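Notes to accompany the following structure.
The values are calculated or read from the model by the stated rules, or taken from the named source; none is laboratory data. Keep in mind that what you see is a predicted model, and the values were worked out from it rather than measured. Here the Cβ positions follow ideal geometry from the backbone for every residue, glycine too, while neighbour counts run over all protein chains shown.
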Amino acid sequence: MYKPLKLIGMAAVASLMYAGQALAGPYDPYAGTTLVVNFPAHPHYNAVMKILPEFTKETGIEVEVDQLPYMKMRERQTLELGQDEGDYDLVAYVVFSKADYVYADQLENLARYFMNPKLADPGYDADDLIDGYVYNIGFAGGNKGYLQGKTGSLFGIPYGSETSVLGYRKDIFAKHGLKVPSNYDELLDVACQIPNLEPGMGGLSSRAASGHHASHAFLLHLAPLGGRVFDDQWNPIVNNAAGVKAANALKTIVDCGPKGAATFGFGEALGSFLNGDTAMFLDTTVVAGQINDPKKSKVVGKVGWAMHPMGVRRGSQTGGFGIGIPKNAQSKEAAFLLMQWLTSKKGDKLVAMAGGNPSRFSTHQDADVNAKFPHMKTFGEALKHADPDWRPIIPVWGKINADLGTTLSKVLTEGLDTKQALDGVAERTRKVMEDAGYYTWQ
């Protein structure tokens, strides 16, 4: 009996040794690595800074963060990503940078990392990521060149993304028996009732200043009202009936808004709501933290949240940040592990609890998250309708956007006819697109 027992014991030991090698933790080969990442100075990434020590504790991978204001971050990335060997292993970027970086072949295609069984966590559950965010921030090469589709690939993962929701003063609505707007007719009606019901108070606080602010506000309404800037052949259709309706909706909002509304940028629009000068605010989810901060807000505890009102369809904005791995990064596999950890269910909940913007449906429904931030459930419902194509993500958009915003400002402040204004934008846009080669195949 002794000899068989000895053989069995030796086999068991060998088996255990082999299993120990096979089951070595996925982070073990990278323990002691120091990653250098580039993040913006932004509320979401301030929350990220709070959870990074947990990643290092769990993985043994150190993270050094170069956190910069957005414009300086973009300038630094433009310099670094163009080098043969860059300093950054992981970068945060906004959606328009995605288009530029992918076209210049400066971001890693993530397919080979998610195919690698030594790196890819089988419990990651990519289907739980918010669809509109992934398509807007992460995909390139698909439909229209910048969306999902059969020819598309994933180059980044949303992290610090945003959508649009309606904030409203619960006390004012209760006082006057007002219904929370669920569609555009109700939204515009209530917006213009408020100044009569509450003298000195504007209906809805909105961006409207000449340039990208006016354009942004217009596009917020264009998508749900059924419009697009282009059709599928890149013909400008911003001047069709839906475009005119969206521009007129913005004009109504500004006319019924607080004093000086036509000159509001994002900061002024938000400040007006925080100060209690308007009864509604329709813009990004990122403002929730400031609205609930007694150091910044006079309306703490008075604000309710609802989905972006419906026009002919649901269509809230998509924007904010994603994270990607530069082509010239020095520690790409470790960077992928950090990216995967940050955007995992665990990481997403951690950053949400720290005050960040979650990127998963499950986080928005999480009981702990909702106990701390009750608005998250409503935001999660809104995100089911986040539109990744609410604005075009093409290299020439900056020029078109500036023209659109400058022209719309004249509608808001100088009485320029809406249809005439948008006809002019469409004509000039066609020339920009023609010069850029978009009609070569027509």
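Candidates 355, 398, 347: the one that is more than 23 Å from residue 221 (Cα to Cα) and at pLDDT below 95 is 355.
Residues satisfying the criterion are absent from the stretch 183-193 (criterion: more than 23 Å from residue 286 (Cα to Cα) and assigned by TED's automatic domain parsing to the domain that holds residue 376).
For residue 30, the conditions (1) at pLDDT below 95; (2) crowded, with 19+ Cβ neighbours inside 10 Å; (3) more than 21 Å from residue 349 (Cα to Cα) are fulfilled apart from (1). Looking at the stretch 93-109, can you tell me whether even one residue there is in a strand (DSSP E or B), in contact with a strand residue (DSSP E or B) (Cβ under 8 Å, 6 or more places away or on another chain), touching a residue at least 60 places away in the same chain (Cβ under 8 Å) and within 18 Å of residue 389 (Cα to Cα)? Checked the stretch 93-109: at least one residue is in a strand (DSSP E or B), in contact with a strand residue (DSSP E or B) (Cβ under 8 Å, 6 or more places away or on another chain), touching a residue at least 60 places away in the same chain (Cβ under 8 Å) and within 18 Å of residue 389 (Cα to Cα).
The residue that is nearest to the chain's Cα centre (by Cα), among those in the stretch 252-269 that are among the charged types (D, E, K, R) and either part of a helix (DSSP H, G or I) or not assigned by TED's automatic domain parsing to the domain that holds residue 201 (or both), is 268. Scanning the stretch 51-63 for residues that are within 29 Å of residue 284 (Cα to Cα) and either polar (S, T, N, Q) or exposed (fewer than 15 other Cβ atoms within 10 Å of the Cβ) (or both) gives 53, 54. If I ask for residues that are outside any helix (DSSP H, G or I), touching a strand residue (DSSP E or B) at 6+ places or on another chain (Cβ under 9 Å) and without any contact (Cβ under 8 Å) to a residue 60 or more places away in the chain, which ones from the stretch 144-193 would you list? 149, 152, 153, 154, 178, listed by residue number.
Here is a yes/no grid of residues against (1) in a helix (DSSP H, G or I); (2) in the same structural domain as residue 33 (by TED's automatic domain parsing); (3) more than 25 Å from the chain's Cα centre (by Cα); (4) of a type in the set (A, V, I, L, M):
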| position | (1), (2), (3), (4) |
| --- | --- |
| 349 | yes, yes, no, no |
| 362 | yes, yes, no, no |
| 368 | yes, yes, no, no |
| 390 | no, no, no, no |
| 407 | yes, no, yes, no |
| 415 | no, no, yes, no |
| 427 | yes, no, yes, no |
| 440 | no, no, yes, no |
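Under the condition of being farther than 15 Å from residue 332 by Cα and either crowded, with 20+ Cβ neighbours inside 10 Å or in contact with a His (Cβ under 9 Å, 6 or more places away or on another chain) (or both), the residues counted in the stretch 100-122 number 2. Condition check: surrounded by 14 or more Cβ atoms within 10 Å (Cβ to Cβ), small (Gly, Ala, Ser) and over 12 Å from the mean Cα position of the chain (by Cα). Does residue 145 satisfy that? Criteria met by residue 145.
Considering the conditions (1) modelled with pLDDT of 95 or more; (2) touching a strand residue (DSSP E or B) at 6+ places or on another chain (Cβ under 6 Å), residue 284 is excluded by exactly one of them, (1).
Residue-level check: of (1) under 20 Å from residue 204 (Cα atoms); (2) buried (at least 21 other Cβ atoms within 10 Å of the Cβ); (3) aliphatic (A, V, I, L, M), residue 334 misses just (1).
Figure legend. Inter-residue proximity from the stretch 341-367: first residues touching a residue at least 24 places away in the same chain (Cβ under 8 Å) and over 15 Å from residue 162 (Cβ atoms), second residues in a helix (DSSP H, G or I) and polar (S, T, N, Q), beta-carbon distance below 8 Å, spacing 6+ or different chains. Indicated pairs: 341/59; 345/362; 345/363. Among the residues of the stretch 273-322, those that are closer than 29 Å to residue 71 by Cα and part of a loop (DSSP other than H, G, I, E, B) comprise 275, 292, 293, 294, 295, 296, 297, 308, 315, 317, 318. For the stretch 378-403, filtering for residues that are over 30 Å from residue 180 (Cβ atoms) and either small (Gly, Ala, Ser) or crowded, with 16+ Cβ neighbours inside 10 Å (or both) leaves 9. The number of residues in the stretch 429-438 that are among the basic types (Lys, Arg) and in a loop (DSSP other than H, G, I, E, B) comes to 0. Within the stretch 295-314, is even one residue closer than 21 Å to residue 411 by Cα and at pLDDT 95 or above? Looking through the stretch 295-314, none of the residues is closer than 21 Å to residue 411 by Cα and at pLDDT 95 or above.
Residue 281 meets the conditions (1) touching a Ser or Thr at 6+ places or on another chain (Cβ under 8 Å); (2) under 30 Å from residue 441 (Cβ atoms); (3) of a type in the set (Phe, Trp, Tyr) in every case but one. The failed one is (2).
Each residue in the stretch 156-176 was checked for being within 11 Å of the chain's Cα centre (by Cα) and of a type in the set (A, V, I, L, M, F, W, C), and 1 pass. For residues that are more than 17 Å from residue 387 (Cβ to Cβ) and touching a Phe, Trp or Tyr at 6+ places or on another chain (Cβ under 7 Å), scanning just the stretch 213-245, find the one that is surrounded by the fewest Cβ atoms within 10 Å (Cβ to Cβ). Result: 234.
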